[in-house]
Amino acid sequence: MRRLTYVLAAALAAAAAAPALAQPADVPTLIQLIDKQPAGVDRPTWKEQRRDAAKKLAASGDKRAVPTLIKLADAEAFDVIGEIAIEGLGALGDKSAVPTLEKIAADSSRDRQQRDLAKKALAKLGAPATPPPPPPPPDDPTPPPPPPDRDVSPPDDGGGTGGTGGAIAPPDGVPDLLGTRTPAPPSTDRFAPDVLAQREELTFAVGAASLGYDSVRDRTAFDLDASGRYARWIDRDKTAWGAEAGARVVAGYLNPEGPARSRAVIVDIDGGGQFRAYAGPGVYGIGRAVIAGQLQYLSVIRDDPMDAYKDGRTAADLGVAIGGGYGRIIDRGPRLRVKQLEALLEAGRALGRPIDDDLAAKLQSVWWDTRRDRTGFRQLTATVAILREAGVLLGEPDAATTFGMIEVLRDPSYDHRQDGIDVSLQIGEEYLLREDEPAVPEGRTELVLVTATAARQLGLASEAIAHLDARYRILADDGVPAPWRVGADATWRHFVHADHGELVGAFDVGARLAASDDDRDDTDLGVAIGGTAGWTWVFNRASSVRAAADVTLDAGELFIGARITGSYGFLDAGFARSAQ
């Protein structure tokens, strides 16, 4: 009995001593850790330390923690530390936190979780969850005066000044007398649910352009080689259509002193479109139309005006085709951009939850709406806002994460990332106009066309694409050649990024094979085989320079060459429903 009494007494003594042995929270040190990032600690680690410090302040029972927790609850609207602070204010029981908690509970822009926690904290403090509404303004029948120097007359639908003042309200984003209006937010639901993918691009390329004047010889010289192209394509569940057009101009002018002068110009234009109707899983009917034209003009006038040469030629092609096929090629690039953005946030420990398909569609709608924003500011701010609202982005992104997001948004390696299989058989008819070239037959030509494409995305940084096309002339008159041609090519491409996500360039390797027969007597089958390897330097989403080496064996002759090509563009955008 005596021993049992000793055991009970020891247990009671230990229980009484336990609170005394517990170490109290070092409130000043915890506050300092929350307010200032320690030296030698990276930002993600510091953010975790801040959250742990906030938990300790909330559990400390020390009133000195209240101002810091109030500041965190008010400012941290997108980080879990804000929720920790809100709960801590309710636990500490200091009524000085009531105004801040009432503000949070009534703020509809706040996350629902934080609003609910604020209401619970107010209940613990004995305060109502919703502040009383402000008293109504006194009745005043006199309307307030208009702002100075502003025209308040209604707009003129006919395009006039619309009122006696003659002032026209500036559009969104244009500075007016009272400041700059905020542009309308980009749309987050631009694409209908049945849109699988959509892309648009506009590119200009200049091979050469110069204008000079030689004052010694009194000679003016000008030359130009430039081209441009526009394309748009949209894939829906049951239909798909697209159109593109391009032009190239090569021109030169030389005007020395005297009557001599030389002028030359070549203009090539082309365009086309196609429409597909899908009858079942992958099965479709197709209709296509293409048109192309060329103008050539050359004028050479020497010192003797009678010794002059002028020549002008035109050519035109028109073709239509109908047929059917199986499969679909989708541009997965925009969806891969979303996956890279998700991977970036996860690496920066700022990912709250994965980006689902619905949220990915919202992001791509915003990117499409802001595709003409060359600075990227609107794209970045709208993207951050959407990710925060959805709970994907935790807190304020640090400098490295922000820089990485900018690089992802403007990275051209996610443009034109095709994926899928497509095979088609078409019957086509072409009409050739060659009045100025008697050696080239003109008129109607009927053809059978076969095309096939297989494309595969090998992760976020590599892709492989293969094409095949074949054509054969049919319904030719007796004695008229009926040639055929088959061509195939394949390319593997790998994109190289720097440590912080900057696209450095792309390495590509390709092979090609072609065979043809002109169906004439005393001729052999023509076969050409070749390969290429190149490196592309990328400057922005639509501008690049590529250097490549080529090797071709054609009709027994070996050709080895090198080439440098470049292009500049300022518009490129796309949309993809999923990332299969």
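The values are calculated or read from the model by the stated rules, or taken from the named source; none is laboratory data. Since the structure is predicted, the reported quantities are computational estimates derived from the model, not experimental observations. Positions of Cβ are generated from backbone atoms using ideal geometry, with glycine treated the same way; all protein chains shown enter the neighbour counts. We work out accessible area using only protein heavy atoms, side chains counted, and drop any ligands, DNA or RNA first. Shrake-Rupley method; radii C 1.70, N 1.55, O 1.52, S 1.80 Å.
Can you tell me which residue among Leu336, Leu341, Leu393, Leu380 is out of contact with any Ser or Thr (no Cβ under 6 Å at 6 or more places or on another chain), more than 25 Å from Ala192 (Cβ to Cβ), of a type outside the set (Asp, Glu) and surrounded by 21 or more Cβ atoms within 10 Å (Cβ to Cβ)?
Leu393
So in region 510-551, with the set limited to residues that are open to solvent by 30 Å² or more (accessible area, probe 1.4 Å), β-branched (Val, Ile, Thr) and modelled with pLDDT of 80 or more, which one is farthest from Glu201 (Cα to Cα)?
Val527
Can you tell me which residue in region 346-372 is farthest from Asp411 (Cα to Cα), limited to those that are basic (Lys, Arg), outside any helix (DSSP H, G or I) and open to solvent by 50 Å² or more (accessible area, probe 1.4 Å)?
Filtering first and then ranking leaves Arg353.
Restricting attention to region 219-229, does a residue exist that is over 34 Å from the mean Cα position of the chain (by Cα) and more than 28 Å from Ser567 (Cβ to Cβ)?
Within region 219-229, one or more residues are over 34 Å from the mean Cα position of the chain (by Cα) and more than 28 Å from Ser567 (Cβ to Cβ).
Suppose we keep only residues that are surrounded by 15 or more Cβ atoms within 10 Å (Cβ to Cβ) and in contact with a helix residue (DSSP H, G or I) (Cβ under 7 Å, 6 or more places away or on another chain) within region 479-501. Which one would you say is farthest from Thr536 (Cα to Cα)?
Among those that are surrounded by 15 or more Cβ atoms within 10 Å (Cβ to Cβ) and in contact with a helix residue (DSSP H, G or I) (Cβ under 7 Å, 6 or more places away or on another chain), it is Gly501.
Mind telling me which of the residues Asp469, Asp478 ends up being assigned to a strand (DSSP E or B) and without any contact (Cβ under 8 Å) to a residue 24 or more places away in the chain?
Asp469
Quick one: count up the residues across region 481-506 that are free of Cβ contacts under 8 Å to residues at least 40 places away in the same chain and closer than 16 Å to Gln418 by Cα.
Looking only at that region, the number is 6.
Could you tell me how many of the residues in region 191-243 are open to solvent by less than 70 Å² (accessible area, probe 1.4 Å), of a type outside the set (A, V, I, L, M) and closer than 28 Å to Tyr278 by Cα?
Qualifying residue count, region 191-243: 10.
Give the residue, chosen from Thr375, Thr381, that is polar (S, T, N, Q), free of Cβ contacts under 8 Å to residues at least 12 places away in the same chain, outside any helix (DSSP H, G or I) and out of contact with any strand residue (DSSP E or B) (no Cβ under 9 Å at 6 or more places or on another chain).
Thr375
Hey, which of the helices (runs of 4 or more DSSP H) in region 18-112, taking only ones fully inside, have at least 2 residues that are touching an Asp or Glu at 6+ places or on another chain (Cβ under 7 Å) and open to solvent by 30 Å² or more (accessible area, probe 1.4 Å)?
Result: empty, no element qualifies.
If I ask for residues that are open to solvent by less than 80 Å² (accessible area, probe 1.4 Å), part of a strand (DSSP E or B) and modelled with pLDDT under 85, which ones from region 289-310 would you list?
Ile301, Ala308, listed by residue number.
Taking the condition assigned to a strand (DSSP E or B), in contact (Cβ under 8 Å) with a residue 60 or more places away in the chain, open to solvent by less than 40 Å² (accessible area, probe 1.4 Å) and under 22 Å from Arg332 (Cβ atoms), does Ile286 pass?
Yes, satisfied.
Anything in region 429-466 that is open to solvent by 70 Å² or more (accessible area, probe 1.4 Å), touching an Asp or Glu at 6+ places or on another chain (Cβ under 9 Å) and either part of a loop (DSSP other than H, G, I, E, B) or hydrophobic (A, V, I, L, M, F, W, C) (or both)? List them, or say none.
Answer for region 429-466, where residues must be open to solvent by 70 Å² or more (accessible area, probe 1.4 Å), touching an Asp or Glu at 6+ places or on another chain (Cβ under 9 Å) and either part of a loop (DSSP other than H, G, I, E, B) or hydrophobic (A, V, I, L, M, F, W, C) (or both): Glu435, Glu442.
Given the condition without any contact (Cβ under 8 Å) to a residue 40 or more places away in the chain, among the aliphatic types (A, V, I, L, M) and surrounded by fewer than 19 Cβ atoms within 10 Å (Cβ to Cβ), answer yes or no: does some residue in region 413-424 qualify?
Within region 413-424 (the criterion being without any contact (Cβ under 8 Å) to a residue 40 or more places away in the chain, among the aliphatic types (A, V, I, L, M) and surrounded by fewer than 19 Cβ atoms within 10 Å (Cβ to Cβ)), the answer is no, since none of the residues qualifies.
Could you figure out which of (1) farther than 30 Å from Gly323 by Cβ; (2) not in a loop (DSSP other than H, G, I, E, B) isn't true of Val423?
(1)
Can you name every residue in region 251-308 that is hydrophobic (A, V, I, L, M, F, W, C), in contact with a strand residue (DSSP E or B) (Cβ under 8 Å, 6 or more places away or on another chain) and more than 30 Å from Trp233 (Cβ to Cβ)? First the steps, then the outcome.
So the first thing to find is which residues in region 251-308 are hydrophobic (A, V, I, L, M, F, W, C), and the list is 251, 254, 260, 264-267, 269, 275, 277, 279, 283, 286, 289-292, 295, 298, 300-301, 306, 308.
Of the ones still in play, those that are also in contact with a strand residue (DSSP E or B) (Cβ under 8 Å, 6 or more places away or on another chain) are 251, 254, 260, 264-267, 269, 275, 277, 279, 283, 286, 289-292, 295, 298, 300-301, 308.
Across region 251-308, the qualifying residues are Ala251, Leu254, Ala260, Ala264, Val265, Leu298, Val300, Ile301, Ala308.
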